[in-house]
Amino acid sequence: MNDNVQPDSPGNLPPRAGIGLRAQHHAAVADERPPVAWLEAHSENYFGAGSQSLHWLLRAREHYPISLHGVGLSLGSTDPLDQEHIAEWRRLIERVEPVAISEHLCWSSVDGRHSNDLLPMPYTAEALRHMIARVSQVQEILGRRILIENLSSYLQFEQEEMPEWTFLAELARASGCGVLLDVNNIYVNAHNHGFDATEYLRAVPRAAVGEIHLAGHTPRVLGGRTVLVDTHSAPVCAAVWKLYAQAIAHFGAQPTLIEWDADIPALDVLVAEAQRADQIAGDALAAAA
Amino acid sequence: MLPLRELQRRFAASLFGEQIVPDAGLLRSTGISAALRIAIHANNWRQGYREAMALMYPVLQRLVGGEYFVGLADDYRLLQPSRRGDLHHVGAGFPGFLRHRFDAGEYAYLADIAALEWAVEDARRAALVEALTADVLRDLAPDAYADLRLALHPAARLVQSPFPIRRIWFANQSAAESVDTVRLDAGGDALLVRVLPTEVAVAALDEAGFRFVEELGQGVSLGDAAEHALEHDASFDLGAAVRRLFALRALAVEPAT
């Protein structure tokens, strides 16, 4: 049984581990109610007037706080904001009443053509102004704060003017959005671009962090070098657990999601991974005290 | 320095291009070339589209095989690139694409299988409303039945084909290798698809029954739809047809306009 529902305190996910709600586990989550503190659903999977999936999400929300995580808004695009997409998201938010909502520090489309992939922003002053305006616009339409998540990245633009962490911290400060800190992505980017992950953690304002993501990644050899690719298809690796412990010691207990989107394992494997996150966070807090 | 919009356009031109030839100076290329870096995203783009199509068209993928399906999805992507942040939308035109591709040849049935799969996918996103029960008739005087206007449930769809698409669809539902052989000349199907939270019902109707449901869905009154069905087939059994629609939870109160 799950005893973490706090219907009277909207606004914050429980500062413990949750798992992603995926179609193959819809019925099992509703019937077995696995012992995790909250659930995260990909917003786009529940779009539509109603939907078969929504039936299960509404059942799940009777027992768990829900976070709605968007992957397709293309926030950083210079195209106008897709009003239909945001209307769909808004309708879903009204029905599900999630505790938290989030999107990505990215763009996906230009001139109406979509890659349906999370593409990194160039970290320039102009892009920062654009992103601040877009996040503010979305927060205004939805009437609430959103969390913005840092990406995995395999490239950097030549004209970048600031590091990613400065861009993210400034976006949170100027727009009032929260930060969904993906610790795996920080690890991946630190490897791919050669920076110190600890420096990244220290640059993010403590008060802005509202959620943490953890996931597995896959090393690939490209042009004779190893690039870490964010595949969400494997357990969290030891080095990322270590960075997570560091993040918890720095930011305090955080709602933490185990993301697993490809080669999705059995529900009990996900639950065990969430319990491991709780264990590691508990140890990190005890050591920091 | 490139303005953000210009930068996004140049990046996209490379990402979506047949060959990835990024502008010199667009990306830092220390160690790994800019083209290889963009190729990671180009791969995500292609792969994401293929996976979305495979989720919407699993029976078709099984029928043609994974490799051939990837080729179909890639060809279709060039004609129907994604224009939304939600890949569900690209699925709608696939039956038409296959109809054009296979025309009247021996694989013509594939387009009808795709139409059935799209009906299921589309109905999965329909409004969650209660289905009408037989109580609606109990509350009415029998002489008012003829004027009754019923509506199809939003999660119900009608699909018709000269091929036995229902048997093909069922034979390809389980993960196990099917030993069923379906003869393509075994006769056509007139189907009512109803997506429920826990199952997808694909019910076979006869010609008159199909026409009857189709007319109800178009807002024709129960009496007129029954009369037209009887004109088509004198053995049409109105009571049985209506009971079946209730059992399939295929009806809803006509939406107020």
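The values are calculated or read from the model by the stated rules, or taken from the named source; none is laboratory data. As the structure is a prediction and not an experimental result, all values here were calculated from the model. Positions of Cβ are backbone-derived with ideal geometry, glycine not excepted, and every protein chain shown enters the neighbour counts. Quick note on the areas: whole protein, heavy atoms, side chains included, nothing else; ligands and nucleic acids left out. Shrake-Rupley method; radii C 1.70, N 1.55, O 1.52, S 1.80 Å.
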Which of (1) open to solvent by less than 50 Å² (accessible area, probe 1.4 Å); (2) more than 14 Å from chain B (Cβ to nearest Cβ) is the odd one out, the single condition A:Ala207 does not satisfy?
(1)
Residues of region B:44-71 being of a type in the set (D, E, K, R) and under 22 Å from B:Phe16 (Cβ atoms), in sequence order, are B:Arg46, B:Arg50, B:Glu51
Given the conditions (1) open to solvent by 50 Å² or more (accessible area, probe 1.4 Å); (2) within 14 Å of chain A (Cβ to nearest Cβ), and given that B:Arg211 satisfies all but one, which numbered condition is not satisfied?
(2)
Under the condition of being open to solvent by 60 Å² or more (accessible area, probe 1.4 Å) and within 25 Å of B:Arg166 (Cβ to Cβ), which residue from region B:64-104 is modelled with the lowest pLDDT?
B:Ala104
Determine which member of the set A:Asp230, A:Asp263 is open to solvent by 30 Å² or more (accessible area, probe 1.4 Å), touching a residue at least 24 places away in the same chain (Cβ under 8 Å) and within 16 Å of the chain's Cα centre (by Cα).
A:Asp230
Specify which of the listed residues (A:Ile86, A:Ile93) is modelled with pLDDT of 95 or more, within 10 Å of chain B (Cβ to nearest Cβ), under 21 Å from the mean Cα position of the chain (by Cα) and in a helix (DSSP H, G or I).
A:Ile86
Within region A:188-227, which residues are part of a strand (DSSP E or B), at pLDDT 95 or above and either under 24 Å from B:Ile38 (Cα atoms) or not aliphatic (A, V, I, L, M) (or both)?
A:Gly210, A:Glu211, A:His213
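Does A:Gln139 meet the test of being farther than 17 Å from A:Asp82 by Cα and of a type in the set (S, T, N, Q)? Please lay out each step first, then the result.
Working: farther than 17 Å from A:Asp82 by Cα: no; of a type in the set (S, T, N, Q): yes.
In short, no.
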Please go through region A:163-191 and pick out each residue that is closer than 23 Å to A:Gln246 by Cβ, among the aliphatic types (A, V, I, L, M) and either open to solvent by 10 Å² or more (accessible area, probe 1.4 Å) or more than 14 Å from chain B (Cβ to nearest Cβ) (or both).
A:Leu168, A:Ala169, A:Leu171, A:Ala172, A:Val179, A:Leu180, A:Leu181, A:Val183, A:Ile186, A:Ala190
The condition of being within 14 Å of chain A (Cβ to nearest Cβ), more than 23 Å from B:Gln218 (Cβ to Cβ) and surrounded by 12 or more Cβ atoms within 10 Å (Cβ to Cβ) holds, among B:Leu110, B:Leu128, only for B:Leu128
Can you pull out the residues in region B:93-118 that are within 17 Å of the chain's Cα centre (by Cα) and either in a loop (DSSP other than H, G, I, E, B) or closer than 27 Å to A:Gly76 by Cα (or both)?
B:Ala108
Some residue of region A:63-82 being part of a helix (DSSP H, G or I) and either more than 7 Å from every other protein chain (Cβ to nearest Cβ) or at negative phi (or both)
no
Can you tell me which residue is farthest from B:Thr133 (Cα to Cα) among those in region B:202-257 that are of a type in the set (Asp, Glu) and assigned to a loop (DSSP other than H, G, I, E, B)?
B:Asp233
Flag if B:Phe11 is more than 14 Å from every other protein chain (Cβ to nearest Cβ) and surrounded by 17 or more Cβ atoms within 10 Å (Cβ to Cβ):
no
